[in-house]
Amino acid sequence: MIYADYNGTSRLKKSVKEYLIQRLDGPFGNPNAIHSIGNQIKAAYEECRKICATLLDADPHQVIFTSGSSEGISQVFYSHIALNKCNKRLLLSKIEHSAINNVSKTLEKMGFEVDYLNTNSDGVVEIPNYNKSYCIAALMAANNETGVIQNYNEFAIWCKENDTPYFCDTTQYIGKMPFSFKKSELDFAILSSHKIGSLVGSGILLVKDPERLKPIIFGGGQEYALRGGTQNYIGVECMTLALKELVENMDQVHALKENKLNFEKRIKEQISEAVIIGEGAERLPNTTLLSIPGIHGQGLQIELESRDIFVTTSSACSDNEPETSHVLKSMGIDDSVGRSVVRISLEESATNEDFEKIEDAILKSYQVLKKIKSY
Ligand SMILES: Cc1ncc(COP(=O)(O)O)c(C=O)c1O
């Protein structure tokens, strides 16, 4: 079996699984309690904050533990607006995840205007060539469907010059590429534990200036009164372990990238009509968005599954929509290519043998499906 839907959610890392199994023997205790067990757990939790801050090159007080990326997005979009009484203008790229698009739709209903940044045909978002100030701007660091890496450092400069706070969705980027919160000069960034080999239900919101943030979950004033609720301490311990392992072994992405590029080359040599979406841009080392026009993406996905290879047609949220995604539409990709995509996204430890197995399964599936090419 090859699990090739890492961008959807990752499998638990072996080290995290082993840690979790022994951790379930305890200790358990409320980190806010004043007894010694509570103190011990709180100390370990705060140590995790320090470790995560170091790994992400942030200060510990800039690390707010959350339940995941969607929460971080919602908190920033609401609290920033509530606190700063800013102008009613948002600037978004056309390739943002639905977790941002849906908050923005809600804000539109509240009277906000949204300007959009265009995307080129390789999936790279264009930095605006005008000056205008916004309440907040969002351009993700890497896209979850195409894996295309964005010019977020350059956009951070534009945002600064235009007095616009920058929210960068780093969910897919952190753990796959080297990242420094301080150097990139972002105002907000996020991490989701289940995308980096740990448990679903924890995450990080990085905030340059926590004074600008307001809580959306009040609870008992935890997380510097910015995110209430009893801390998910086991989730945070596991997430810290996964992040540490990824950051400390960042070198392994070079081999992954090389194996992936060779795999793509072989597919294109053997299936002349195959298209690699975003091929001309820098992409995440683990992601290939492949289209074989005429063969429906879902058909290929089912054929691959029958060969024990698990891919998706684009992102998990839009898997049931046999339509060209908003991301691909923004790149000017038409339905003949857009409806045929499958996303292959592997974990960092994937080997060349894994790519060869996927290649073999794609070629066999292609032989079956080309007989019923539908468009
Ligand atoms: C780019 C991106 N942003 C945000 C999210 C939402 O993350 P979470 O599942 O942690 O809420 C995802 C998950 O699919 C994602 O890929």
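The values are calculated or read from the model by the stated rules, or taken from the named source; none is laboratory data. Values in this document were obtained by computation on a predicted structure and should not be read as measured data. Because the Cβ atoms are built from the backbone with ideal geometry, glycine has one as well, and the counts that use them run over all protein chains shown. These area figures cover heavy atoms from the full protein model, side chains too; ligands, DNA and RNA do not enter into them. Shrake-Rupley method; radii C 1.70, N 1.55, O 1.52, S 1.80 Å.
Remarks
- Qualifying position, being open to solvent by 10 Å² or more (accessible area, probe 1.4 Å), more than 15 Å from Leu243 (Cα to Cα) and free of Cβ contacts under 8 Å to residues at least 12 places away in the same chain, among Ala44, Ala33, Ala82: Ala33
- Within region 113-135, the set of residues being of a type in the set (D, E, K, R) and not in a loop (DSSP other than H, G, I, E, B) comprises Glu113, Asp115.
- Flag for Lys268 being basic (Lys, Arg) and outside the structural domain of Ile292 (by TED's automatic domain parsing): no
- The set of residues in region 173-216 being in a loop (DSSP other than H, G, I, E, B), under 14 Å from the mean Cα position of the chain (by Cα) and among the β-branched types (Val, Ile, Thr) consists of Ile196, Val200.
- Test for Gln22: is it more than 16 Å from the ligand (Cβ to nearest atom), more than 24 Å from His97 (Cβ to Cβ), touching a residue at least 12 places away in the same chain (Cβ under 8 Å) and more than 22 Å from the chain's Cα centre (by Cα): no
- Yes/no for Lys105 being more than 22 Å from the chain's Cα centre (by Cα), in the same structural domain as Val207 (by TED's automatic domain parsing) and of a type in the set (Lys, Arg): no
- Test: residue in region 172-190 that is in contact with a Gly (Cβ under 6 Å, 6 or more places away or on another chain) and either within 16 Å of the ligand (Cβ to nearest atom) or open to solvent by less than 10 Å² (accessible area, probe 1.4 Å) (or both): yes
- Scope region 102-112; condition assigned to a helix (DSSP H, G or I) and open to solvent by less than 30 Å² (accessible area, probe 1.4 Å); matching residues: Val103, Ser104, Leu107
- Flag if Gly147 is within 12 Å of the ligand (Cβ to nearest atom), surrounded by 24 or more Cβ atoms within 10 Å (Cβ to Cβ) and of a type in the set (Gly, Ala, Ser): yes
- Residue tally, condition small (Gly, Ala, Ser) and part of a loop (DSSP other than H, G, I, E, B), over region 250-276: 2
- Residue list for region 46-66, filter: touching a helix residue (DSSP H, G or I) at 6+ places or on another chain (Cβ under 7 Å), part of a helix (DSSP H, G or I) and among the β-branched types (Val, Ile, Thr): Ile51
- Whenever a residue of region 85-104 is closer than 14 Å to Asp169 by Cβ and among the aliphatic types (A, V, I, L, M), its partners that are open to solvent by 50 Å² or more (accessible area, probe 1.4 Å) and near the ligand (Cβ under 9 Å from one of its atoms), lying with C-beta atoms within less than 8 angstrom and at least six residues away or across chains, give the pairs Ala99/Ser70.
- In a residue-by-residue description of region 200-212, the property of being among the charged types (D, E, K, R), under 27 Å from Pro27 (Cβ atoms) and crowded, with 17+ Cβ neighbours inside 10 Å applies to no position.
- Among the residues of region 67-99, those that are more than 17 Å from Leu213 (Cα to Cα), of a type outside the set (Ser, Thr, Tyr) and either part of a helix (DSSP H, G or I) or within 16 Å of the ligand (Cβ to nearest atom) (or both) comprise Leu92, Lys94, Ile95, Glu96, His97, Ala99.
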